[in-house]
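To start, the structure itself, in structure tokens.
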Amino acid sequence: MEYRSENGNIILFQEDFNLDETLDCGQAFRWERAAEEDGRCTYNGFFLDKPLKISEAEESCFILYNTSEEEFLTVWKDYFDLDTDYGKIKQRLSADDTLKKACEFAGGIRLLKQDSWECICSFIISQNNNIPRIKGIISRLCEHYGHFPSAAEMASETVESLEYLRSGFRAKYLIDAAVKTASGEIDLNEIEKMDIQQARQKLMTVKGIGPKVAECVLLFGMYRTEAFPVDVWIKRVMEKYYPDGLPSFTAGIEGIAQQYLFHYIRNLK
DNA sequence: TTCCAGGCGTATC
DNA sequence: GATACGCATGGA
């Protein structure tokens with residue numbers, strides 16, 4: 001990673017990074033692709049309440065608009081996981097033919113270090129749902145509050161007051177998660193430090209958080225790269241290519257392997 | 001019209 | 001512990 005500050009923007013040089021592959025691959029739901037400017041792929045989105053406009057100027061070169069060096073170093077460098085060498089990770093994962101193809105297919109995927117509370121909500125909403133509709137529900141939620149609501153803010157909602165979301169049967173799950181988090185019964189800072197099996201169990205005490213959602217919260221909201229969410233798509237990959245489980249060289253970074261595989265299988269043929 | 005979507009809770013055995 | 005089924009909503 002190299003960067004420089006220029007006219008209030010950050011110019012970033014970063015290998016193994018592609019905006020479409022990272023921001024529109026189903027790990028985060030608050031990034032919108034803008035109309036292209038001079039053929040540049042541009043996205044607008046948020047980390048917590050911080051907005052960002054970012055574009056891909058040319059191969060491996062990005063512009064983070066209206067971003068100070070301090071904000072870049074304290075927020076976005078971490079969010080985009082820029083201290084991790086994904087080239088090295090892909091090299092390690094490419095010991096296997098299928099994973100090699102997956103890494104080559106979408107080599108610009110990076111794991112976003114998202115907020116754990118936002119991930120809880122996002123992936124509760126994701127269950128038995130499709131990505132465009134997930135984005136719609138989250139967008140209505142943020143528009144309603146003017147920001148992504150805290151657990152305390154959402155704890156005072158009711159199924160009726162959330163009707164505008166059109167989130168269906170998931171509304172009661174969101175409220176249960178909010179009440180338990182706001183009261184401290186679920187302590188996300190505590191869960192982050194737990195042994196992963198304990199963390200899974202604790203997360204699953206929330207109604208609407210099952211094995212898949214818990215795994216997504218751990219992977220996308222707590223940077224537990226050993227978490228391995230299995231959804232309908234990954235189930236297909238596993239049945240077809242890995243009936244006996246993932247190869248052992250993925251140990252510790254199963255979740256990153258999952259991201260490459262998910263994107264690969266969804267776009268196959 | 002029917003099927004399906006980054007699943008989960010509940011009932012039943 | 002395994003398996004079957006309903007669930008809100010809307011895009012394809």
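The values are calculated or read from the model by the stated rules, or taken from the named source; none is laboratory data. Model, not experiment: these values are computed from the prediction. Cβ atoms come from the backbone with ideal geometry, glycine included; neighbour counts cover every protein chain shown.
Summary of computed values
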{"item": "Residue list for region A:105-152, filter: within 14 Å of DNA strand C (Cβ to nearest atom), over 21 Å from A:Gln258 (Cβ atoms) and surrounded by fewer than 18 Cβ atoms within 10 Å (Cβ to Cβ)", "result": "A:Pro132, A:Arg133, A:Gly136, A:Ser139, A:Arg140"}
{"item": "Region A:143-177, residues that are of a type in the set (A, V, I, L, M, F, W, C) and either within 24 Å of A:Asp231 (Cβ to Cβ) or within 15 Å of DNA strand B (Cβ to nearest atom) (or both)", "result": "A:Phe148, A:Val159, A:Leu165, A:Phe169, A:Ala171, A:Leu174, A:Ile175, A:Ala177"}
{"item": "Selection status of A:Asp176, out of contact with any helix residue (DSSP H, G or I) (no Cβ under 7 Å at 6 or more places or on another chain) and more than 19 Å from A:Cys103 (Cβ to Cβ)", "result": "yes"}
{"item": "First in region A:1-17 and hydroxyl-bearing (Ser, Thr, Tyr), second anywhere and assigned to a loop (DSSP other than H, G, I, E, B) and modelled with pLDDT of 95 or more, Cβ under 9 Å, 6 or more apart", "result": "A:Tyr3/A:Gln14; A:Tyr3/A:Leu82; A:Ser5/A:Thr67; A:Ser5/A:Ser68"}
{"item": "Tally, over region A:230-260, of residues that are at pLDDT below 95 and either within 9 Å of DNA strand B (Cβ to nearest atom) or part of a helix (DSSP H, G or I) (or both)", "result": "12"}
{"item": "Qualifying position, being away from DNA strand C (no atom under 16 Å from the Cβ), surrounded by 19 or more Cβ atoms within 10 Å (Cβ to Cβ), in contact (Cβ under 8 Å) with a residue 12 or more places away in the chain and in a helix (DSSP H, G or I), among A:Ala171, A:Ala199, A:Ala227", "result": "A:Ala199"}
{"item": "Given (1) farther than 17 Å from A:Gly45 by Cβ; (2) among the charged types (D, E, K, R); (3) away from DNA strand B (no atom under 16 Å from the Cβ); (4) part of a helix (DSSP H, G or I), number of the condition A:Arg133 does not satisfy", "result": "(3)"}
{"item": "Which numbered condition A:Glu192 misses (of (1) free of Cβ contacts under 8 Å to residues at least 40 places away in the same chain; (2) of a type in the set (D, E, K, R); (3) away from DNA strand C (no atom under 16 Å from the Cβ))", "result": "(1)"}
{"item": "Condition met for A:Phe46 (more than 16 Å from A:Leu23 (Cα to Cα), surrounded by 15 or more Cβ atoms within 10 Å (Cβ to Cβ) and among the hydrophobic types (A, V, I, L, M, F, W, C))", "result": "no"}
{"item": "Near pairs, Cβ below 9 angstrom, 6+ apart or cross-chain, from region A:26-55 (among the β-branched types (Val, Ile, Thr)) to any residue that is within 16 Å of DNA strand C (Cβ to nearest atom) and not in a loop (DSSP other than H, G, I, E, B)", "result": "A:Thr42/A:Arg33"}
